[in-house]
1. Restricting segment 91-108 to residues that are out of contact with any strand residue (DSSP E or B) (no Cβ under 6 Å at 6 or more places or on another chain) and among the aliphatic types (A, V, I, L, M), which is nearest to the ligand (Cβ to nearest atom)?
2. Suppose the filter is in the same structural domain as Ser248 (by TED's automatic domain parsing), farther than 14 Å from Gly57 by Cβ and part of a loop (DSSP other than H, G, I, E, B); does Ala70 pass it?
3. Which of the residues that make up segment 166-206 are outside any loop (DSSP other than H, G, I, E, B), of a type in the set (S, T, N, Q) and in contact (Cβ under 8 Å) with a residue 60 or more places away in the chain?
4. Could you look through segment 109-139, keep only residues that are part of a helix (DSSP H, G or I) and among the hydrophobic types (A, V, I, L, M, F, W, C), and pick out the one that is nearest to the ligand (Cβ to nearest atom)?
5. Need the failing condition index for Pro63 against (1) part of a helix (DSSP H, G or I); (2) within 13 Å of the ligand (Cβ to nearest atom); (3) touching a residue at least 40 places away in the same chain (Cβ under 8 Å), just the number.
Amino acid sequence: MDRYVVTGNPIAHSQSPFIHQAFADQTGQQISYERLLLPLDGFAQGIADFVQQGGLGCNVTVPFKTDALAVADELSERARLAEAVNTLKVMSDGRLFADNTDGAGLVMDLKRLGVPLTDKRILLLGAGGAARGVMGPLLAEQPAMLVVTNRTRARADELASRFASLGTVSRQPLDALQGSFDLIINSTSASLQGERLTLPASLCHSGTHVYDMMYGQEETPFMCWAAEQGVSHRYDGLGMLVGQAAESFYLWRGVRPNMAPVLQALRTRLE
Ligand code: ATR
């Protein structure tokens, strides 16, 4: 059977096998998709073994997204810009094609949710790997502006310059944010440490949408902040998880699955 894996360290928590199996069932494809735990210093060898054993594709998660860049023989433009890889495809000649579907997954989810992007003012909180992965695909939707803000200013500066040629990108200091936005996306990992960003209420207007790339059983601190500002359009990142998987599935299988029923099933499963 055509074999795929998701690799990371740790990996036991990954929902990718459930998602991809659901896509395969929905589209009538026969695949096996498993978790592959690799040692922290053993990514390249683990992937080489997987290819040797006939594996066809691999999703890559923390902490291997940069290691996956290094093993690539061919790189998509979006992976090059993101400087990170979440999807590897073994080509017919055995070489590895590397892609990053995270940003496409976010945009796919925003479109599913009916969040307008073109000509809109977008604020991106955070300038780490997660932010870098989504900036290209967001700019491709031609927002009026994309403002990046980050606790460590230099990282926001670096990202803004890196993507400046793709659209109207600017940066603002996190402790002196100005203006209001149509969409505010949280890419920071602050909530993982249970920390809450201090943000001014003036960022939101009556039609603002907020999206947290994080998800969990309870509302994240960022989502709670948005609720306190009276924002009714609040979304967590579970749909982005399913969206990036759908884009990987398409890369491997050439078929676009319908993400909505799979997202619904995943949400029920995690409740
Ligand atoms: P990831 O790959 O998840 O983006 P990362 O590259 O370590 O992980 O980036 C984490 C992001 O969350 C960064 O933007 C980080 O800000 P710094 O660049 O200043 O470190 C941000 N972050 C994490 N904890 C935060 C907190 N408590 N307050 C504000 N920003 C925080």
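1. Leu106
2. On the way: in the same structural domain as Ser248 (by TED's automatic domain parsing): yes; farther than 14 Å from Gly57 by Cβ: yes; part of a loop (DSSP other than H, G, I, E, B): no.
Here the answer is no, as Ala70 does not meet what is asked.
3. Asn186
4. Keep residues of segment 109-139 that are part of a helix (DSSP H, G or I), which gives 109-112, 129-139.
Still in the list and also among the hydrophobic types (A, V, I, L, M, F, W, C): 110, 130-131, 134-135, 138-139.
Details: Leu110: 18, Ala130: 3, Ala131: 6, Val134: 10, Met135: 12, Leu138: 15, Leu139: 18 Å.
Among them, the one singled out is Ala130.
5. Of the numbered conditions (1) part of a helix (DSSP H, G or I); (2) within 13 Å of the ligand (Cβ to nearest atom); (3) touching a residue at least 40 places away in the same chain (Cβ under 8 Å), the odd one out for Pro63 is (1).
Table: residues versus (1) within 13 Å of Ala22 (Cα to Cα); (2) more than 17 Å from the chain's Cα centre (by Cα).
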position	(1), (2)
Val231	no, yes
Gly239	no, no
Val242	yes, no
Ala245	yes, no
Ser248	no, no
Leu251	no, no
Gly254	no, yes
Met259	yes, no
Arg269	yes, yes
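The values are calculated or read from the model by the stated rules, or taken from the named source; none is laboratory data. Nothing here was measured: the structure is a model prediction, and the numbers come from that model. FYI the Cβ positions are ideal-geometry reconstructions off the backbone, even for glycines, and counts take in every protein chain you see.
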